[in-house]
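Peer 1: Before anything else, here's the structure in question.
The values are calculated or read from the model by the stated rules, or taken from the named source; none is laboratory data. Given the structure is predicted, the values throughout are model-derived calculations rather than measurements. Positions of Cβ are backbone-derived with ideal geometry, glycine not excepted, and every protein chain shown enters the neighbour counts.
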Amino acid sequence: MDDETARAAALPLEERPLRVLVVAGSARRVDGCPGLDGKARALMHRMLGRLPAGWQVDHADIGNEHGKPKIQGCNGCVGSSMALCVWPCNCYGPNSDHQPDLMWDLKLYPRLARADAWAFIGPVWWYGPSTNLKALFDRLVCMSGGNPRPDLIDKKSTLKAQALEKSPLWRDLTRNHLEGRTAAFFCYGNAGGNELDADGRPRILAHKAWFDPGQEPYGGDERLAYQGLVWQCRYSGIEVPDTLWRHVPLGLGRAYADDQADDMVRETDAMARFDAWVDAFAAHVAQKGAVPGTTEAERGAQATA
């Protein structure tokens, strides 16, 4: 190690409060269809009240609201060239009147960049995360290897991007842009509520011999419904300890009408398990400390579209 590198390594980290971003990932909102908030929003606010008072705690609800933009879909630019996938995504931009995009209107790219840790809360829908959370993570493909220099490809030239990707310069440009942060996931589900018969098949299924419930995805372990999001983070340099990736069943055997946020808070065991996840998240983030370079990362995550 040369003298300059040694001096840089000895510099103290920026002294500042820890920063976290909590995201509620259910699509359900009271100001829209179905006219009721999902459990994720209630759990998000429960978490906000439990985190350390000295932290800078940001939060976002990506649920659907009347008149509010949705997260636009990923266009798969990386399939043409990794260098065509720009960090942060420049397929869309803020305040667009023809392609309104919640990712940019909520400034989620810079908010994710400035945080030391993220916490995602959401339901299990048909063996997977909500469409809203999946769309968010599809749009985060650019955090892993995305091109930080759209000027080198005239913003979105496929041919120039392909040439750049094959050049020696690309090795210096491509990187995990949010490396070193922590992500935590808490998901929940009712395993079909009261819709299953004694054999574990849907009651209204007419041809029950067509499949074997024993072959259900993940062996019935709904926690694994979020494994795609977890491993996307891990391969993007985002730390997701197994202990911060948890699932709790809610509303088992009950009708959906009796499985709302107000019903959830009366499930004391489930709420205790959620609180334990929040406490584990807080302890891990506190022990790990501030992630260096978040200020620079936030500056680099501004819209270029």
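Peer 1: Only helices (runs of 4 or more DSSP H) wholly contained in region 26-142 count here; list those with 3 or more residues that are closer than 21 Å to residue 275 by Cβ.
Peer 2: Helices (runs of 4 or more DSSP H) meeting the threshold: 39-48.
Peer 1: Between 197, 262, 221, which is modelled with pLDDT under 95 and either among the small types (Gly, Ala, Ser) or over 26 Å from residue 24 (Cβ atoms) (or both)?
Peer 2: On the way: 262 fails: either among the small types (Gly, Ala, Ser) or over 26 Å from residue 24 (Cβ atoms) (or both); 221 fails: either among the small types (Gly, Ala, Ser) or over 26 Å from residue 24 (Cβ atoms) (or both).
From the options 197, 262, 221, the qualifying one is 197.
Peer 1: Residue pairs, Cβ under 9 Å, 6 or more apart or interchain, first in region 285-300 and over 17 Å from residue 142 (Cα atoms), second surrounded by fewer than 18 Cβ atoms within 10 Å (Cβ to Cβ) and aliphatic (A, V, I, L, M). List them.
Peer 2: Going by the 9 Å Cβ cut-off, the qualifying pairs are 289/13; 290/13; 291/13; 292/13.
Peer 1: Hey, another quick one. Looking only at region 241-278, which residues are more than 28 Å from residue 200 (Cβ to Cβ) and surrounded by fewer than 20 Cβ atoms within 10 Å (Cβ to Cβ)? I'd like the intermediate steps shown before the answer.
Peer 2: At the first step, the residues of region 241-278 found to be more than 28 Å from residue 200 (Cβ to Cβ) are 241, 243-244, 262, 265, 275-276, 278.
Selection gives 241, 243, 262, 265, 275, 276.
Peer 1: Further question on the same structure: Taking residue 55, is it surrounded by fewer than 19 Cβ atoms within 10 Å (Cβ to Cβ) and more than 15 Å from the chain's Cα centre (by Cα)?
Peer 2: Working: surrounded by fewer than 19 Cβ atoms within 10 Å (Cβ to Cβ): yes; more than 15 Å from the chain's Cα centre (by Cα): yes.
For residue 55, the condition - surrounded by fewer than 19 Cβ atoms within 10 Å (Cβ to Cβ) and more than 15 Å from the chain's Cα centre (by Cα) - is met.
Peer 1: Can you tell me which residue in region 158-215 is surrounded by the most Cβ atoms within 10 Å (Cβ to Cβ), limited to those that are part of a strand (DSSP E or B) and out of contact with any helix residue (DSSP H, G or I) (no Cβ under 8 Å at 6 or more places or on another chain)? Quick ask: steps written out before the conclusion?
Peer 2: Here is the first cut: in region 158-215, the ones part of a strand (DSSP E or B) are 176, 182-189, 196, 202.
Still in the list and also out of contact with any helix residue (DSSP H, G or I) (no Cβ under 8 Å at 6 or more places or on another chain): 196, 202.
Numbers: 196: 15, 202: 12.
Once the filter is applied, the top-ranked residue is 196.
Peer 1: Can you tell me which condition residue 191 does not meet? The list is (1) at pLDDT 90 or above; (2) under 14 Å from residue 126 (Cα atoms), and all the others hold.
Peer 2: It fails just one condition, (1).
Peer 1: Select from region 143-157 the residues that are assigned to a helix (DSSP H, G or I) and either modelled with pLDDT under 95 or over 21 Å from residue 245 (Cα atoms) (or both) and list them in ascending order. Step through it out loud before you land on a result.
Peer 2: Going residue by residue through region 143-157, those that are assigned to a helix (DSSP H, G or I) are 143, 150-153.
150, 151, 152, 153 - these are the residues of region 143-157 that are assigned to a helix (DSSP H, G or I) and either modelled with pLDDT under 95 or over 21 Å from residue 245 (Cα atoms) (or both).
Peer 1: Of 87, 104, 118, 126, which residue is of a type in the set (Phe, Trp, Tyr), over 19 Å from residue 238 (Cβ atoms) and at pLDDT 95 or above? Step through it out loud before you land on a result.
Peer 2: Values: 87 fails: over 19 Å from residue 238 (Cβ atoms); 118 fails: over 19 Å from residue 238 (Cβ atoms); 126 fails: at pLDDT 95 or above.
Checking each option against the conditions leaves just 104.
Peer 1: Looking at region 179-217, which of its residues are under 30 Å from residue 146 (Cβ atoms), in contact with a Phe, Trp or Tyr (Cβ under 8 Å, 6 or more places away or on another chain) and not hydrophobic (A, V, I, L, M, F, W, C)? Full working, then the answer.
Peer 2: Here is the first cut: in region 179-217, the ones under 30 Å from residue 146 (Cβ atoms) are 179-187.
Then drop every residue that is not in contact with a Phe, Trp or Tyr (Cβ under 8 Å, 6 or more places away or on another chain), which leaves 181-187.
Across region 179-217, the qualifying residues are 181, 182.
Peer 1: Count, please, the residues in region 92-107 that happen to be crowded, with 21+ Cβ neighbours inside 10 Å and either in contact (Cβ under 8 Å) with a residue 60 or more places away in the chain or of a type in the set (Phe, Trp, Tyr) (or both).
Peer 2: Summing the residues that are crowded, with 21+ Cβ neighbours inside 10 Å and either in contact (Cβ under 8 Å) with a residue 60 or more places away in the chain or of a type in the set (Phe, Trp, Tyr) (or both) in region 92-107 gives 2.
Peer 1: Kindly list, by first and then second residue, each pair from a residue in region 58-76 that is closer than 17 Å to residue 143 by Cβ and touching a residue at least 60 places away in the same chain (Cβ under 8 Å) to a residue that is part of a loop (DSSP other than H, G, I, E, B) and among the hydroxyl-bearing types (Ser, Thr, Tyr), limited to pairs with Cβ atoms under 6 Å and residues at least 6 apart or on different chains.
Peer 2: From region 58-76, the pairs are 72/92.
Peer 1: Could you grab the pairs with beta carbons closer than 6 Å, sequence gap of 6+ or different chains, first residue in region 213-236 and closer than 22 Å to residue 203 by Cβ and without any contact (Cβ under 8 Å) to a residue 60 or more places away in the chain, second one of a type outside the set (S, T, N, Q) and surrounded by 12 or more Cβ atoms within 10 Å (Cβ to Cβ)?
Peer 2: Final answer for the pair search is 213/200; 213/201.
Peer 1: Quick one: what pairs do we get from region 44-57, first residue touching a residue at least 12 places away in the same chain (Cβ under 8 Å), second of a type in the set (S, T, N, Q), C-beta under 6 Å, 6+ apart or different chains?
Peer 2: If the second residue must be of a type in the set (S, T, N, Q), no pairs are left.
Peer 1: OK, next. Right, residue 122: among the small types (Gly, Ala, Ser), touching a Gly at 6+ places or on another chain (Cβ under 8 Å) and crowded, with 24+ Cβ neighbours inside 10 Å or not?
Peer 2: Working: among the small types (Gly, Ala, Ser): yes; touching a Gly at 6+ places or on another chain (Cβ under 8 Å): yes; crowded, with 24+ Cβ neighbours inside 10 Å: yes.
Yes, satisfied.
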